[in-house]
Each structure stands twice: as C-alpha cells, then as structure tokens.
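Before any comments, here is the structure.
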Amino acid sequence: MSLLEVENLRITFPTRTGPAEVVRGVNFTLGHERLAIVGESGSGKSQTGRAILGLTPQPGQATADRLSFDGTDLRSLSARNWRRLRGTRMSMVMQDPKFSLNPVMPVGKQLMEPLTTHGTPKREAKRRALEMLEAVQMRDPERVFRAYPHELSGGMGQRAMIAMMLVSEPDLLIADEPTSALDVTIQIEVLRILDRLVADRGMGLIFISHDLRLVSSFCDRVLVMYAGRVVEELNAADLHKAQHPYTQGLLNCLPQIDEDRHPLPTLDRDAAWAG
Amino acid sequence: MTTTRDWLLSDRPASRRQAKLGQSYRTWLDFRTNALAFLGLLIVVALVLMAIFAPWLAPHDPLVGDLNHTRLLPPLTEGYWLGTDDQGRDILSRLIYGSRITLAVVALVAVIATPVGLLVGTTAGYFGGWVDTVLMRITDIVLAFPKLILALAFVAALGPGIENAIIAISITAWPPYARLARAETLTIRNSDFIAATKLQGASSLRIIWKHIVPLCMSSVIIRVTLDMAGIILTAAGLGFLGLGAQPPQPEWGAMIAGGRNFLVDYWWVAAMPGMAIFIVSLGFNLLGDGLRDVLDPKRQK
Amino acid sequence: MLKIENLEVSFDNGETVVNAVRGVSFDVKQGESYGIVGESGSGKSTVLRAICGMAPTTGGRILLDGKPLPDPRTPDFYRRVQMVFQDPYASLHPRHTIDSVLSEPLSIQRFDRRDQRIAQALDDVGLGQGFRFRYPHQLSGGQRQRVAVARALILEPQIILLDEPTSALDASIQAEVLNLLERLRSERGLTYVMVSHDLAVISHMCERLLVMEQGLAVEELTRADLRARRARTDYTTKLLKASAGYTATE
C-alpha cells in the first residue's frame, strides 16, 4: 500500500495582478522509498513539499482532489490532528539549520520535546534523543546534547536538525534541499544517514533538490518539475534516458570534470512545456 | 489615464525619471491599500492645509476676543462652533492658527534631528573602532537626559519661547535616530554591494552618502514619523507649563493650560485643543505604521 | 602577472585570532584562468579579498607585475583588478537602478563617454538597453549576475576575481553565465582567478587550480591532472570522489 497519495495538487497565491498558480495539478504516490522532486527555483517543488505537511504559507491556498497519508485524508484535518501527525508521523528537514533550531534552547531539550509532549517519560526521551544523535554520526552525543545550536558547526547543526526530525521515528520525511548548504564531503555523510533510515525503518522519503546529478545517484525515483507541473517521472537509474527536453537540457548544461564542451549547451525554454 | 499608469508600471523604463516615478508609484499603490495609514495621511495633509490657509479658514481673530459678548460660549453656538474661551476668543480659529505652531515644531525638529542622527549613526557604524566608540558614547550621554527636564533647563537658561523649545526638543530627539542608523549601517557595511563599491575606489564619504544613507533613510523616516506624536506632546507639555509658546500665541498645549482653571464648568476650553492634539498625534502614528509597511526593506516582498 | 607569496591572513576579534589563510602561494600568468577549490572555511574567498585589500594581511606578499601592492590600494589598482561576488541578490544595491550601478564606477574613476560605455557594457553581457533603468528586484538571479559582470568589466580591468559566481544560480543559468565569462575572457584577453566549491565548474573554466583546506594550500593541479584523477593527496581524492555523486559506502 502506498504511504502517500497526491492527486491534482494545486497551490495559488493572490497577487496584485490576480491569483498566481505556483503548483498546477501535481499527482504522485509514495511508497517506502526515496522519491526525488527536482526542479529549478520557481518550479513549485518546495511548495509541493510544504503543502503535503499543511504548511503552505499565508496567503497561499492549497487544494487537491486527493491528499491522503496512510489512509488519513489530510485535506479536512483539524489543527489538533495536524499537530499530532506532524510531531510524530511526518517530519520536514529544511535547507538551513540556523532557522529551524531554537537558538536559546540546548539541542538535547529540543530533541526531547516532541517525545515528552506526546507522553513519553523524560528518562526514556533522553535515552532516545542520545541514540538518535549517535545515529546521525555525532562523535560525542553527550556534548551535543547539552550544546546550544550556535556551538555546533554547519554540518553538525544540520545533522542535529535531522536527528530532531527523526527522533519520533516518522513514517514520512520531507527533506527540502537538506544538504545544499553543506560541503560535499559532509553532504554524503548526511545522505547515508537518510538512506539507512529508509532501508532499516521503512521510512518514506521525499527529497526535494535542484541537483539532478546528486538525486540520480541517491534516490529511487525522480519527479522533474517545471513551472508548477511534473513534466517527467523516471526511475533514477534511467535518468540518462530522459525523454523530456527540459530534463535533457538540465542534465546537459552541467559542466563535467571529464568533458570539454565550450561553450556549454544552454537550455532553450519552450513555452509549450509550461502549458 | 491607463496610459500614464502603464507608463509608470512599465517593466522596462526608458529613462532615469521614469524608473524613479514608477518606483514611487508602486510604493503609493502599496500604501493606498492600507486604509488606516491612508486616514493618517489625510489627517497630516489636513493639518498642513490648515496651517497654510489659516487666515482664510479661521472665522475670527485668534488673538483678540470680545470680552463683553462672546466670553465662554459653549460649543455649537452660532458662529462659534467649538465655543469660545475666557477671553472671548473663538476656539476654532485659535486651533486653526495653532496648527501653524504645531507644524513648525514638527518640521523644525525633523529637519534638525534627522540629519544629525543619520550622520552620527552612519559614520559611527561605517568606520567602527574608536570613531564608533566616541560617537556612540556621546549619543548615550544625550540619551540619558530626560527629554522634558533638559528642555526645561534649556528654556530656563535661554528664556521661554517656542524657538528655544524647538531647539531643546531637537537636541534630545536625535540620539534614537543615531542608534537606529548605526544598527542599520552595521548590517549594510559588510554587504557585497558595499565591497563592490569599495573596489571601484569610492571614498568613504561617497559610500556613506550615496549607498548607506539611502538605505537607512526609510527606517529613520518611519521612526521620525512615529516620534512626531511624542514631539507634539512634548511641545504641548512645554506650552502647558508656560515654557513654550507665550500668550497670546494659540499653541495647543498652552490653550489646555488656559482652560485648566475652569475645567469643570467650561470643559470645552481645555477639551477642544486636547482633541486636536489627540487627532494629530494619532494621524502621525497611523502614517508611520503605514510607511513602515511599505518602506521597510526587511519586509518580505 | 599576479603572484601570491606565502600569504597569511588572520582575523582578530578581540578574544580569539582566526588564521583564515596560513601561507598560500601561487602564480597566475597573463591571460590564464586560475581556480581555487575548497570547502567552507578553507580560506579560498579570503584569498580573493586579501588581493583586493579587504582582508587583514598579516604575512607574505601580493605582487602585481612584479611590484608589491600598496596598502591601501590605489585607484589605479581598481582599474586593473575587479571582482564578481557570489550572491547576486546581495551584490547590487537594492535602491539603485542598473544605470546608476554602472555609472558609479565611471564617475568615481572619471571616465568619459559614460552613456556609450554603459550601453556597450549592457550589450556585452547580453542584457540589452531595456534593462538599463530597472531596479535589481525587477531582475532574475541570472540577470543580476550579468549586471555584476558588466559592473566589473566597465572599468576595463585586466584581472577579474570571481568568487563563486554561479553557486547561487540554477544549473541552466549557471551554464549561461559560465559561457558569458568564457566568451568575455577570450574576446578581451582577461585573466581570471576563480574560486568555487564545485570541482566540475573549476575544471570547466580553469587551466590550473589550487586545492585549499583550512587555510592551507593542499596541492596545485592542472586540468589534465584532474581529468586523469592524478591527485597526490587524500583530501583531493576525497573531494573528487564526493563530487561524482552519492555512494552508499566509503
């Protein structure tokens, strides 16, 4: 059974010149797998991720014919049920840890919070928080547990945030450019953590990224978004067989260490793609 | 009309002037959607018009009244819609002429305090180091003076009068603007566009004047507008204490002071100027809030 | 043409001293494109800022045509060396039109024929005259970066320092800006020093490169070395491997 079903998702924002539709009819289903949503800025990929968690920023409006998570209809969920779901069964990792960790609270306390608010005893919560810090490859979990976010480096902060999002062992994780702010070497460590969680715990992962090359080596399936629509859906391994000119263009315009192409092929946008 | 509008909102302006006007027009469109801010603007514009056209608007002489026939008439009396005071002067006329004094205070304080604050703040923020330390300690010292008390001391030394009151208020008004401008400058100073300008060989003066000041300006203007209410109240306070405008000048604070003695029996003598102060202060506050919404660079686009 | 000898930069913030660059040397020939690769904290951008006199140099020398650069830099230096910054959203003044962004350097350096020069610069970077009186917020990221390139070029410098000029841009826009930079270099015989975290971008743009880690120069490679994976140090090998994409195990 699929974990998440999205049918005809649309998101509109009102502007001075009338409503602007940033996501225009997106459909997909997610199982216990790594699904990538790839696109350039303004393609609607991040808004898609936020809408699944009911986090479309005001004054935006998200509608869908079907939006269900593990049999629960997300469209008619009360605020109370949303909180229950978000804290425990679905989570989101954002691009910049600085904006997502509370700067005046030690990391450990923030890790324990989602557990204790849902009734886990304190000692048990601490044990699980420390376990999770270990799972995200923190060298000294006890120290990180007591540290404030500013005392951690960028990579550690990002891993601390991933730990926070995973401590309640969600069934669905939406990661919005989780590694874009990180150095390549740390990026791969973080991805390995996510990878293990999908493999060991059967978590569903939606990985939102602009980086086609990274996504093709990390995910199972790829949705390519352009101007609010999914223009192509592929198995990650078949990315080089992409049919849509946009996907092909995106792949071609990347410089390669081994190739000498001067000038680089550029992407000629066809108005029909957005249609 | 539509053509002017299109010209203003064009994405591809063809001249410097069109770009500037278009930018202002967009700000205006933003501003217009905020009803309360618009009300504030109307109040302020009305104040300005009232001050300019006072001789034509005022039905009676503001300074000389008829002690025999028109003393302490209640509001809504024929010809004296807001009543008269104990000297038989028409309160409406006095309020209309008083708007000149209020406006003069507001304008002069803004003209004196804003540039001083901007200059001190941006200089301190841009250079940092000992320049910053010296300038900001001076600012702190001035900031430590209680506004009204310093104004009192000043007026006591130089003699009562509206000019001295304005100078006294200006001296105590600039430090908050300096602080604000410095804080803004600190965030701008290390940005890439300042670095790029340095790389073109620009002098410090040029960087401060052409690049930093325009960016600090909007937050300082907002702050000045919001402070206007306080300045009007301070001026009125000095007038009330008899240290600002001198009789028979129709300054609003002094008018309240005059009406204080018979507040119970003839309430309108004090209440009418009180209302005027209240409405104008409110107008500046609403306008300031509205300006913050459209001008604040940190606001999300 | 540009020679860096044993450069050291340290920032003293009162309590601690951070040694951002600890003895880096390299030599850029006329007309060459030289790359500096490293991760965050490697000091690669600091090297560029030190060349411009915008970072506290605590040791070593920076020579332009064999002559040590005066401190502070002279107006003449700014005519010869210009820089393009990483974030096109931060490198343009939000309240200045493109026209005033481009006329500012001309009036500082007292150039003549300003109108023609601005028009020419806009054409050179492929923007055209329609953009001249727009504000930055009316432009996309790629267009802003073209303006930044135009601003650097308008003083007709010989050396351009590029600080991650495409890392804030989408991949398709990155290709356009890289092509633009290459075309301008070949047309005008410019010398580039380009900093990036992306090995593929550097190998596309530069003939030689320096790998930096934590303020130290790790090794210098040529483009051919990079293609043949002839890295002499573990660090470079690790970088090369990481830039190839995700691998489940070490």
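The values are calculated or read from the model by the stated rules, or taken from the named source; none is laboratory data. Bear in mind the structure is a predicted one, so any value in this text is a computation, not a measurement. We place every Cβ from the backbone using ideal geometry, glycine too, and count neighbours over all the protein chains shown.
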Among the residues of the stretch C:82-91, write down those that are at the interface with another protein chain (Cβ under 8 Å from one of its Cβ atoms) and either free of Cβ contacts under 8 Å to residues at least 12 places away in the same chain or buried (at least 24 other Cβ atoms within 10 Å of the Cβ) (or both). C:Q82, C:M83, C:F85, C:A90, C:S91
Has the stretch C:97-109 got at least one residue that is within 24 Å of C:K29 (Cβ to Cβ), crowded, with 20+ Cβ neighbours inside 10 Å and more than 8 Å from every other protein chain (Cβ to nearest Cβ)? no
Quick one: how many residues across the stretch B:43-72 are closer than 26 Å to B:L287 by Cβ and either assigned to a helix (DSSP H, G or I) or within 23 Å of the chain's Cα centre (by Cα) (or both)? 14
Quick check: anything in the stretch B:184-197 within 14 Å of chain C (Cβ to nearest Cβ) and among the basic types (K, R)? yes
Can you tell me which of B:L103, B:L143 is buried (at least 17 other Cβ atoms within 10 Å of the Cβ) and either within 28 Å of B:S219 (Cβ to Cβ) or modelled with pLDDT of 90 or more (or both)? B:L103
On the basis of being surrounded by 16 or more Cβ atoms within 10 Å (Cβ to Cβ), at pLDDT below 90 and among the aliphatic types (A, V, I, L, M), does B:A245 make the cut? yes
Tell me which residues, restricted to the stretch B:198-248, are free of Cβ contacts under 8 Å to residues at least 40 places away in the same chain, on the phi < 0 side of the Ramachandran plot and within 14 Å of another protein chain (Cβ to nearest Cβ). B:K198, B:L199, B:Q200, B:A202, B:S203, B:L205, B:R206, B:W209, B:K210, B:H211, B:P214
Of all residues in the stretch C:24-53 being out of contact with any Asp or Glu (no Cβ under 6 Å at 6 or more places or on another chain), part of a strand (DSSP E or B) and away from chain A (no Cβ under 14 Å), which is surrounded by the most Cβ atoms within 10 Å (Cβ to Cβ)? C:I36
Where in the stretch B:103-209 are there helices (runs of 4 or more DSSP H), lying fully within it, with 2 or more residues that are within 30 Å of C:V81 (Cβ to Cβ) and not hydrophobic (A, V, I, L, M, F, W, C)? B:129-144, B:162-189, B:192-198
Within the stretch C:221-243, the residues that are more than 8 Å from chain A (Cβ to nearest Cβ), surrounded by fewer than 16 Cβ atoms within 10 Å (Cβ to Cβ) and at negative phi are C:T222, C:A224, C:A228, C:R230, C:R232, C:T233, C:D234, C:T237
I need the full set of residues from the stretch A:31-55 which are out of contact with any Lys or Arg (no Cβ under 7 Å at 6 or more places or on another chain) and within 20 Å of A:L77 (Cα to Cα), in order please. A:Q47, A:T48, A:G49, A:R50, A:A51, A:I52, A:G54, A:L55
Tally, over the stretch B:6-17, of residues that are surrounded by fewer than 17 Cβ atoms within 10 Å (Cβ to Cβ) and assigned to a helix (DSSP H, G or I): 5
Looking only at residues that are surrounded by 13 or more Cβ atoms within 10 Å (Cβ to Cβ) and closer than 28 Å to A:L30 by Cα in the stretch A:253-275, which one is farthest from the other protein chains (Cβ to nearest Cβ)? A:A274
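Residue-wise test of (1) within 30 Å of A:D238 (Cβ to Cβ); (2) buried (at least 21 other Cβ atoms within 10 Å of the Cβ).
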residue	(1), (2)
A:T29	yes, no
A:P57	no, no
A:S68	yes, no
A:M90	yes, yes
A:P103	no, no
Does B:I232 meet the test of being under 17 Å from B:L47 (Cα atoms), in a helix (DSSP H, G or I) and among the β-branched types (V, I, T)? yes
If only one of A:S209, A:S216 is closer than 29 Å to C:D170 by Cα, at pLDDT 90 or above and in the same structural domain as A:S43 (by TED's automatic domain parsing), which one is it? A:S209
Somewhere in the stretch A:182-202, is a residue part of a loop (DSSP other than H, G, I, E, B), facing another protein chain (nearest Cβ under 10 Å) and surrounded by fewer than 21 Cβ atoms within 10 Å (Cβ to Cβ)? yes
Which ones in the stretch C:128-161 are touching a Ser or Thr at 6+ places or on another chain (Cβ under 8 Å) and within 14 Å of chain A (Cβ to nearest Cβ)? C:G141, C:R144, C:Q145
With respect to A:I162, is the statement that it is within 11 Å of chain C (Cβ to nearest Cβ) and surrounded by 20 or more Cβ atoms within 10 Å (Cβ to Cβ) true? no
Search the stretch C:59-81 for residues being assigned to a helix (DSSP H, G or I) and at pLDDT below 90, and hand back the single one that is farthest from the other protein chains (Cβ to nearest Cβ). C:D76
How many residues, within the stretch B:25-34, are in a helix (DSSP H, G or I), away from chain C (no Cβ under 12 Å) and hydroxyl-bearing (S, T, Y)? 1
